[in-house]
Amino acid sequence: MNIDPHCVPCLLKRVLFETDLTAVSEQKKTQAVQAACTVLAARYDPHRNSATIATQVHQAVYDALGDHDPYQDLKQRSTREALALVKTVERLLDGSKDRLKTSLLCSVIANMLDFGIEGAGTTPEMLASVFDRLYHEGFGHDDYPALTRLLHSTRRLLFFTDNCGEHVFDKILCRELRSAYPNVSITLVVKGTPILSDATMDDAKAVHFSEVVDAILTTESFAVGVPIDPLPSTLSTALDDTDLVLSKGMANYESLSELPIHPIAYVLRTKCRPIAASLHLPVDISALKVFE
């Protein structure tokens, strides 16, 4: 997805948010904002990928702050809040007629564990307060029949996870995928290094994700979404070898929508107008959209 003019204030709002997460001097915070504006002014081009530009902006901010993981505390809190909701999710699954679809919905609700932008969470603790409402709303766009049809012929699934906390529910989703489709081999993809509130290999290990997937890869670098210019060779090979891609969250959509990947299922909250418009969906819904 190419950058949209509305991405600019959103990106800068996130920059301000992450500078306030750090215990550095006001001078360093000012330098970080200046660095972001300099990179954005130099790189902004409506024909360039939004996630690629965001990566360059956030790299400049992290460097100026001297902080390689300003979201660390938020990520830990998000994971704790998600773990506290696991019993609720399990009760919903036990009472569900379709455990896989229920786990998908819970997983996309946890995509709210994203911070510093409109339409996302304000604190990790807010997930519990919105969970019931979003669960009863259900999917605002539902391509589940298409997904299950594809899963019947899938042998290799590549699963791109997104935020910390959300990855707790993604683990439950992968467990249910394995249960419903035992012949499917699942490879998880996490971030190669801390970036925003996204899950890394350490975060996947902390929740014992290897219990429910066959392999775990990383994006290998600092990147919002997936680094596509160039795409790491391991991911390129994995994408060539897979039968189906499942992508969580907006940033992964911004990246992967640039590549000729079919079939692919995007599972996310549509938190902003540019991404909702790109997907031809309303804003602020839970969406499962499949491109075959």
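Read the figures in this text as sums done on the coordinates, not as results from a lab. Keep in mind the model is a prediction, meaning the values are calculated, not measured. Don't worry about glycine lacking a Cβ; one is built from the backbone with ideal geometry, like all the others, and counts go over all protein chains shown.
Whole angstrom only: what separates the Cα centroid of segment 86-118 from the Cα centroid of segment 1-32?
30
Spin-label point model (7 Å from Cα, Cβ direction): what's the D73 to D4 distance in nm?
Label at D73, label at D4, 3.3 nm between them.
Here are some values of volume of the Cα convex hull per residue in Å³: (1) 135; (2) 123; (3) 114. Which one was computed from this structure?
(3)
Could you work out how far the C-alpha centroid of segment 176-215 sits from that of segment 121-174, in angstrom?
About 13 Å separates the Cα centre of segment 176-215 from the one of segment 121-174.
Tally Lys/Arg at +1 and Asp/Glu at -1 over every other residue whose Cβ is under 13 Å from the Cβ of L147; what's the total?
In short, -3.
Counting only residues 5 or more places away or on other chains, whose amide H sits under 5 Å from the amide H of D198 once H atoms are built in the peptide plane?
C164
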